[in-house]
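Novice: One structure follows; several queries about it will come next.
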Amino acid sequence: MFIVQLYYLISNHKSLSAYVVNDELPEVKVPISVVISARNESKNLSEYLPAILQQDYPDFEVVVVNDCSYDNSDEVLEALKETYPQLKIVTITEHARFKTGKKFALTLGIKAAKNEHLLFTDADCMPSSNNWITRMAAHFNKANVQLVLGYSPYYKTGNFLNSLIRFETLKTAINYLSAALNGDPYMGIGRNMAYTKTLFFQTKASRRICMYYQAMTICL
């Protein structure tokens, strides 16, 4: 059983181990809309959103969906908009007879986005550099690419639980990235993923996006 498991791991993950990351920064001119859904994320928006708004990229907007927040997220966003004109705010208000979820919020963000190519992350995420958009968008330069997967680790702390979470995150990423490189993709993570608006609406916003992974690439 050990030999069988070892063979499976080697054969399944060898594509990822051989994957070469291009350190040179590519030239990309694809207009990008970054879409973020945020509910009661005023602290995280204040801390992390500027790093996204300050990305070194020639043509992008950031669409933040304020999803029924009851903290001061609206004030934080309006203050940031005064400094960053590329910020677009979409506000959802709670209705007693209609409960919204993240999928609904992202759908509204996608509809509000002006660009065909969409890049997704969460309000509590920090890009690893000011070239995050460039690195992800660069893969759209390749023919027929409609979806790009990325890796998003957790911050390292001294907490034992944090070590377990980071291990599980890494293990999961190795599995789904290896599967994608082997031509059999099955998942990705919403806090670092890009796809086209056309691809989304082909699903009619009701079918799982992972069913449409046929044309995609990997970003590490």
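The values are calculated or read from the model by the stated rules, or taken from the named source; none is laboratory data. Since we're looking at a predicted model, the values are computed, not measured. Methodologically, a virtual Cβ is constructed for each residue, glycine included, from the backbone with ideal geometry; neighbour enumeration extends over all protein chains shown. Accessible surface is based on the protein model in full, side chains and every heavy atom, while ligands, DNA and RNA are left aside. Shrake-Rupley method; radii C 1.70, N 1.55, O 1.52, S 1.80 Å.
Novice: Quick one: what pairs do we get from the stretch 8-35, first residue under 30 Å from N115 (Cβ atoms), second at pLDDT below 80 and in a loop (DSSP other than H, G, I, E, B), C-beta under 7 Å, 6+ apart or different chains?
Specialist: Close Cβ pairs satisfying both conditions: Y19/L220; V21/L220.
Novice: In addition: In the stretch 186-196, how many are open to solvent by 20 Å² or more (accessible area, probe 1.4 Å) and in contact with a helix residue (DSSP H, G or I) (Cβ under 6 Å, 6 or more places away or on another chain)?
Specialist: Residues that pass the stated criteria total 2.
Novice: With (1) closer than 30 Å to L177 by Cα; (2) open to solvent by 20 Å² or more (accessible area, probe 1.4 Å); (3) part of a helix (DSSP H, G or I) as the list, and L49 as the residue in question, which single condition is left unmet?
Specialist: (2)
Novice: Which of the residues spanning the stretch 84-93 are open to solvent by 30 Å² or more (accessible area, probe 1.4 Å) and touching a Phe, Trp or Tyr at 6+ places or on another chain (Cβ under 8 Å)?
Specialist: Q86
Novice: Right, another one. Of a type in the set (D, E), open to solvent by less than 90 Å² (accessible area, probe 1.4 Å) and closer than 18 Å to G190 by Cα - does that describe any residue in the stretch 124-142?
Specialist: Checked against the condition, which is being of a type in the set (D, E), open to solvent by less than 90 Å² (accessible area, probe 1.4 Å) and closer than 18 Å to G190 by Cα, the stretch 124-142 yields at least one hit.
Novice: Among the candidates K103, K171, K81, K114, single out the residue that is under 30 Å from Y8 (Cα atoms) and either open to solvent by 40 Å² or more (accessible area, probe 1.4 Å) or not in a loop (DSSP other than H, G, I, E, B) (or both).
Specialist: Unique residue meeting the criteria: K171.
Novice: Look through V64, V76, V35 and report the one residue that is at pLDDT 95 or above, surrounded by 19 or more Cβ atoms within 10 Å (Cβ to Cβ) and under 30 Å from D184 (Cβ atoms).
Specialist: V35
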